[in-house]
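Bear in mind that the values in this text are calculations on the coordinates, not laboratory data. Every value quoted in this text rests on a predicted model; they were computed, and no experiment measured them. Cβ atoms come from the backbone with ideal geometry, glycine included; neighbour counts cover every protein chain shown.
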Amino acid sequence: MLKVLVDMNVHLPSLEKLRAIENVSVHTIEPAEKARVIPAAEVQDVDFLFCTCPPSNLDDMKKLKIVQIASAGYTQLLGLDLPKRNIKACNAAGVNDIPIAQWNIAMMINLLRNVRGMIRNQEVGIWDRSACFQRDIRGLTLGIWGYGGIGRETARLAKAMGLKVYVLDFNVGPRPAMYVVAGTGDPQGVLPDKVFLPAQQKEFLSGLDFLMLSMPLTKKTEGIIGDEQLSMLQPHAFLLNPARGPLIRESSLLNALRKGLIAGAAIDTHYYYPMPADHPLWKFPNVIMTPHISGSTASPNFLPLLWDIVTQNVYRFQTGQPLLNELSTTQLAGG
């Protein structure tokens with residue numbers, strides 16, 4: 001009997017589906033979005049854990065085989081030595097692809113047409129039909145740094161709207177055993193107009209109208225966008241970061257905005273939670289700040305998709321199939 005512990009908000013139809021799998025027992029507890037101690041009696045015989053963050057008394061989980069987290073980012077798993085414990089881990093990549101891709105498209109249009117400026121004019125009754133409010137994104141070039149699920153769904157929408165798509169990544173081909181909502185993304189990796197390797201940063205960055213970051217935060221990627229990379233962008237280019245704030249060096253971003261090295265930015269992930277009200281990023285008229293909501297976890301679509309991954313992975317484990325979104329030893333080491 002595979003024992004599953006659910007430390008997450010419940011989606012009742014999915015819970016019933018999970019419980020219907022043969023030789024599976026499911027126990028739910030009041031969910032928490034941070035690590036905390038769960039009584040040993042509740043975790044000592046658990047095989048499969050579905051959570052946001054594993055409990056701080058992980059040592060009590062002697063039988064644990066799989067951790068399924070509810071986010072695409074997996075920094076909460078770093079330092080837990082899961083591979084040494086013979087524990088597999090899977091993230092929720094694919095669940096947020098659709099809303100984040102929509103956020104990316106919305107931000108590109110908002111930035112290019114200076115919607116913030118039009119709203120400021122509206123608030124004080126200014127009638128201004130300047131050309132800066134009338135641009136469109138068709139024919140422009142979107143650069144996607146990191147071609148995972150979010151990048152692929154963004155590419156699909158961007159191509160449908162007439163943008164050229166450039167990608168910087170090692171692997172843009174098919175991705176086996178990854179969760180993809182039917183009809184979305186670029187499963188075979190055929191949409192990019194050009195593909196660049198990491199050694200081709202300058203060639204990649206210098207030809208963009210928009211740069212969108214779509215990579216996990218690791219030791220190698222923290223601060224990957226600094227003064228050098230921002231100076232490679234054209235002054236008319238916009239930067240979008242729905243991934244993780246520290247991918248961009250804070251001082252470098254502020255410097256680029258103050259000196260006009262880039263045209264503006266849309267930022268959903270931040271350096272502080274919450275961002276202090278006096279932080280200078282709030283004040284730039286060419287910056288859109290959203291409070292880490294691009295993934296739309298409060299959407300009615302979020303829980304059914306998240307629970308679909310869990311249900312599939314429980315079934316896959318029971319039947320000896322590859323798990324969806326399984327993280328590698330290198331990823332779990334922060335590489």
_Straight-distance crosslink candidates among lysines, where the alpha carbon sits under 28 Å from K219 and sequence neighbours closer than 8 are dropped_ = K34, K65, K84, K88, K194, K202
*Computed on alpha carbon atoms, what radius of gyration and Dmax characterise the stretch 97-289, expressed in Å?*
16.5, 54
*Give the long-range amide H neighbours of L2: residues separated by 5 or more places, or on another chain, with amide H under 5 Å away, using H modelled in the peptide plane at 1.01 Å from N.*
V24, S25
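What is the calculated FRET efficiency for V37 to Q318, with r their C-beta to C-beta distance and R₀ = 22 Å, to the nearest 0.05? Mind dumping the intermediate values first?
Details: r = 29 Å, r/R0 = 1.33.
My answer for the efficiency is 0.15.
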_List the residues, sorted by chain then number, that are 5 or more residues from M178 or on another chain and whose placed amide H is less than 5 Å from its amide H._
N325
_Segment A277-I29, extension gain: residue separation times 0.36 nm, minus the distance between their alpha carbons_ = 85.7 nm
*asked:* Could you tell me the center-to-center distance, by alpha carbons, between the stretch 101-124 and the stretch 147-204 in angstrom?
replied: 25 Å
*Long-range amide H contacts for L239: which residues qualify at under 5 Å (H placed 1.01 Å from N, peptide plane, sequence gap of 5 or more or a different chain)?*
L211, G264, A265, A266
*About its Cα centre, what dipole magnitude does the stretch 80-228 give when the only charges are +1 on Lys and Arg Cβ and -1 on Asp and Glu Cβ, stated in debye to the nearest 20?*
240 debye
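With runs of 4+ DSSP H residues as the only contributors, calculate the mean residue ellipticity of the chain at 222 nm using -39,500 (n - 2.57) per run, divided by the residue total and rounded to the nearest 500.
Numbers: 10 runs with 91 residues, N = 335.
Helices in the chain give a 222 nm mean residue ellipticity of -7500 deg cm²/dmol.
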*At 7 Å along the Cα-to-beta-carbon direction for both Q188 and E222, put a label point, then send me their distance in nm to one decimal.*
4.0 nm
_Can you compute the equivalent ellipsoid semi-axes for the chain, i.e. the square root of 5 times each eigenvalue of the Cα gyration tensor, sorted largest first and rounded to whole Å?_
39, 21, 19
*About its Cα centre, how strong a charge dipole does the stretch 68-145 have in debye, to the nearest 20, once Lys and Arg get +1 and Asp and Glu get -1 at the Cβ?*
100 debye
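Multiply the residue gap between Q102 and S130 by 0.36 nm, knock off their C-alpha separation, and tell me the result in nm, one decimal place. Don't skip to the answer; put the middle values down first.
Numbers: separation 28, 0.36 × 28 = 10.08 nm, distance 2.66 nm.
Value of the extension gain: 7.4 nm.
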*What is the gain in length, in nm to one decimal, between L197 and F170 on full extension, counting 0.36 nm per residue of separation less the C-alpha to C-alpha distance?*
9.1 nm
*Cα to Cα, under 14 Å, and not fewer than 8 places away if on the same chain: which aspartates and glutamates meet these conditions relative to K3?*
E22, E42, D45, D47
*Where labels lie 7 Å past Cα in the beta-carbon direction, separation of V181 and V10 in nm*: 2.5 nm
